[in-house]
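Heads up: the structure comes next, in structure tokens.
The values are calculated or read from the model by the stated rules, or taken from the named source; none is laboratory data. Computed from a predicted structure; not experimentally measured. With ideal geometry, Cβ positions are generated from the backbone for all residues, glycine too; neighbour counts draw on all protein chains shown. Remember, those area values only see protein heavy atoms, side chains included, never the ligands or the DNA or RNA. Shrake-Rupley method; radii C 1.70, N 1.55, O 1.52, S 1.80 Å.
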Amino acid sequence: MANTLWARPEDASRGPVRAGGRVTGGTLAWVMWGLVAVCAGLSMVLVVLSRSAPRPDWHPWEFALAEPVSFVAFAVPGLVVAAQRPRNSTGWLLLSCGLGMAVDNLVRAYGAYAVVHNAPGGVMAVWAAGWLFVCVSFPFFFLLLLFPDGRLPSPRWRPAAWYTGVSAALMLTVGAFLPGAGAYDYFPTVENPLGIPALSFVRSVIGLVTVLFIGGPFLLAVASLLYRFRIADTVARRQLEWVALAVLVAVTLAGASAVWQNALGSALVDVGTVAFSTGVMIAIVRHRLLDIDRVLSRSLLYAALTLSLTGLYAGAVSVFELALRHSASGGVPLLATAVVSLTLQPLRGALQRLINRLVYGLRDDPYAVLADLGRCLEATAEADRVLPEAAHTTARALQLPYVAVELRQETGELLEVARYGGPVPEPVCMPLVHRGLRLGTLLVSPRPAEDGLSSADLALLHELARHIATAAAALRAAERERNRLRRDLHDGIGPKVVGIGFAVRAARASLYRDQARTDHSLAQALDGIAQTQLSLRQLVAGLRPTDAIALGLVAALQNSARHLGLRLDVEAVDPLPFVPADIEAVAFRIGEGALANVAQHAQVDRCRLSVTVGDATLAVVVEDDGQGFNGAPEGAGITGMRELAAQVGATLTITSTSGGGTRVEARLPAVDPASRPWRGLASADGSES
């Protein structure tokens, strides 16, 4: 039964460890819980038998009789977690805490019984009661350090674990061998039988020892939870929220116990411990049980509001009593109530904003989200990490469980290039549009606590999508430029360098045998060097940014022709009618590539350029009267021009005959982006046309 309790199909891979057909993890968990139950039962018997024993006011025998039930209840969540997640130390630490509570209570009960009835072993029971608190407190500290996966947040937290372990050993030593009365207020007249006089000085600094070796490990454990919450994914964050809610309940009950410093206060503390244990269990095995985000935010709001108003009322009463002690002191409560009433609504609004930021992220502060995304994109040095970091930043800022970026490939398919969180069945799709061109889609999933995205979420996500689209466009442009450089270097400059090497080796081989052959080989090498220099100049010219067309497409192509040593006959209207910026940039690249081919292959120094706009089409034509390349394979330059044309839905026609020249004609869509007929563009609202 223990092995199927709270089980789910998706958790089977994390189920109990089986050895020889027996569930060893579940069996051990049941044994530990059984020990807790046995100790609790024996304690109840001993409490009844020692009803007349002296007890502190906060622990009368009637309450001591019922208290062991809370220890058994505390250990039940540990049993569930240990049985279902035996590799996760959280369940075993919960069971250890529960067993420590039960054993500590048992030895106290036996000590009280033995003191009254002179039973053997009473002094040793009192001695054990002085240090058994270590078996309760420090498993709790380790539980917080290792929650929720049973591992430290990172290797950097190992010193914290060592410090906690050393503190446990020191406090165990102090509790076991400190001379004087054992178990303090419970057995004030029984001396520690194993007390070491050399440790007497510890009593004078017991407060400092407590702060260093109990308060220190506790603060480190809490800090580890805060660190985990900052770096956690969606699942771990929901688990931590469950623990936060459980801690809030436990702290609230412990605070209430300060008002009733009697058996009722002690009962509230015990209920708080059971609430904490239950919260840990739910976080591990059923973290999707409730709308935890909403429950936690409301609980934090009302707890913080109650504490703030209580403190404000007490402070106002003190101030008014001091100010009015010689006059109308009877109106102090009324004045304090008026102050609380005036500050209630502003205080509630401020606390609500603070808690919303904690639970829902930066949804209400769009500037902070955009600034965070900008810093993330700027700080990411590796190009292939830009979009994953953008998805991660978006998810963390808005507390979204799933964010993915899909980019459109040359084939028209959408390929996922970045993702945060696990995939969801029906994500919300945000188009990634840059300069009217739809590059892909931003996929997001609403928070688990909500049915959908709010209007504020959608508005902010649209702005984030614009920035992510700009980053994606820059990455795509850089990738295209790298591919063009690779092709130019491999297909253009690479063969020329190889040819130069062959010519130099031939010249070296014939240096002392055939002067004419040596001169011919060196001439070939020099010619190859000249051609390589020309290719390099063309390559460098192609690296100029698209700002080169700031003065206009025609002027930019004329400038390129001059750099290539060509005389250009131009037929164009100047200035041209409006052409979208992305289309103009592609037209410039295609025209520049055609001019480079003329300079490199046509063996002429003059060509013609025609640029016209009509019928929603931009036409760029480059013609020459050179030698042509009929039947020759297309090189890297022509391949690059065809890829550029395909990216914007343009048509590229190249005609050439041997000895009859070459004509390159590109026709590009020159209409407003919202009405382009070709695939992949988006209208103003982001939907594909």
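Details
- Residue ID - farthest from Val116 (Cα to Cα), chosen from residues in the stretch 43-72 that are buried (at least 16 other Cβ atoms within 10 Å of the Cβ) and among the charged types (D, E, K, R): Glu67
- Among residues of the stretch 67-123, those that are touching a residue at least 40 places away in the same chain (Cβ under 8 Å) and touching a Cys at 6+ places or on another chain (Cβ under 6 Å), counted: 3
- Positions within the stretch 224-253 being outside any helix (DSSP H, G or I) and open to solvent by less than 30 Å² (accessible area, probe 1.4 Å), in sequence order: Ala232
- Applying the condition of being buried (at least 18 other Cβ atoms within 10 Å of the Cβ) and more than 17 Å from His392 (Cα to Cα) to the stretch 449-472 and asking which residue is modelled with the highest pLDDT yields Leu453.
- The numbered conditions (1) surrounded by fewer than 20 Cβ atoms within 10 Å (Cβ to Cβ); (2) over 23 Å from Leu485 (Cβ atoms); (3) under 51 Å from the mean Cα position of the chain (by Cα) are all true for Ile654 except (2).
- Where a residue in the stretch 166-182 is closer than 11 Å to Val202 by Cβ and its partner, wherever it lies, is among the acidic types (Asp, Glu), with Cβ under 7 Å and at least six apart: Gly180/Glu191
- Top-ranked residue of the stretch 418-448 - restricted to ones that are open to solvent by 60 Å² or more (accessible area, probe 1.4 Å) and at pLDDT 75 or above, ranked as nearest to the chain's Cα centre (by Cα): Arg419
- Filter result for the condition that a residue is within 14 Å of Phe133 (Cβ to Cβ) and open to solvent by less than 30 Å² (accessible area, probe 1.4 Å), over Ala102, Ala83: Ala102
- Residues that are in a helix (DSSP H, G or I) and of a type outside the set (A, V, I, L, M, F, W, C) do not occur anywhere in the stretch 178-189.
- Hey, Val103 assigned to a helix (DSSP H, G or I) and farther than 22 Å from Ala246 by Cβ or not: yes
- Meets criteria (open to solvent by less than 70 Å² (accessible area, probe 1.4 Å) and within 30 Å of Arg85 (Cβ to Cβ)) for Ala221: yes
- Test: residue in the stretch 443-459 that is assigned to a strand (DSSP E or B) and within 15 Å of Leu387 (Cα to Cα): yes
- Hey, Ala119 in a loop (DSSP other than H, G, I, E, B) and closer than 30 Å to Arg55 by Cα or not: yes
- Of all residues in the stretch 142-174 being polar (S, T, N, Q) and assigned to a helix (DSSP H, G or I), the one that is most open to solvent (accessible area, probe 1.4 Å): Thr173
- Matching residues in the stretch 597-621 - criterion: being more than 52 Å from the chain's Cα centre (by Cα) and part of a strand (DSSP E or B): Arg606, Cys607, Arg608, Leu609, Ser610
- Asp685 vs. criteria among the charged types (D, E, K, R), at pLDDT 80 or above and surrounded by fewer than 17 Cβ atoms within 10 Å (Cβ to Cβ): no
- A single entry from Ser297, Ser257, Ser266, Ser308 fulfils the requirement of being touching a helix residue (DSSP H, G or I) at 6+ places or on another chain (Cβ under 9 Å), at pLDDT 75 or above and open to solvent by less than 50 Å² (accessible area, probe 1.4 Å): Ser266.
- Test result for Leu94, open to solvent by less than 20 Å² (accessible area, probe 1.4 Å), under 20 Å from Phe138 (Cβ atoms), assigned to a helix (DSSP H, G or I) and modelled with pLDDT of 90 or more: yes
- Selection from the stretch 487-515 of residues that are open to solvent by 70 Å² or more (accessible area, probe 1.4 Å) and modelled with pLDDT under 75: Leu489, His490, Asp491
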